Amino acid sequence: MSSSAPNLRPPYARHVTVSEDSISVDLVDGRTVTAPLAWYPRLSHANPAERDNWRLIGQGEGIHWPDLDEDVAVEDLLAGIPSGESQASLESWLQERNKTS
């Protein structure tokens, strides 16, 4: 019996929704992936307008929030990998954010 490796393609996002407690990403293959917003501290600290200001990057392999300088890879969402940002980096970002508000 002969078998061949499946034709695997990276998952691509087509739409993103961020609520008060989760991020949901609709994929082009019909799946929806949802993760806790707590996994992404910058998104957790964002206001609704900042959360809604996203764009797809890499043909949908990732999502970028320019107001927050946040990127989320679809592959990481599928693997259950939360943000890798250090506490020190987040604290620095929050301090800068508070200066401009």
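Read the figures in this text as sums done on the coordinates, not as results from a lab. Here the structure is a predicted model, which means the values were calculated and not measured. Glycine gets a Cβ as well: all are built from the backbone with ideal geometry, and neighbour counts include every protein chain shown.
Projected label points at Thr100 and His45, each 7 Å from Cα along the beta carbon direction, are separated by 1.2 nanometres. Once R0 is set to 22 Å, what does the formula 1/(1 + (r/R0)^6) return for the Cβ-Cβ distance between Thr32 and Glu85, expressed as a FRET efficiency to the nearest 0.05? In this case the efficiency is close to 0.35. Compared with the alpha-carbon gap, the fully stretched path from Asp76 to Arg9 is longer by 22.7 nm at 0.36 nm per residue.
With each label modelled as a point 7 angstrom along the Cα→C-beta vector, the Ser92-Arg55 pair spans 2.5 nm.
Once the Cα atoms are used to define both axes, helix 87-100 deviates from the longest principal axis of the chain by about 50 degrees.
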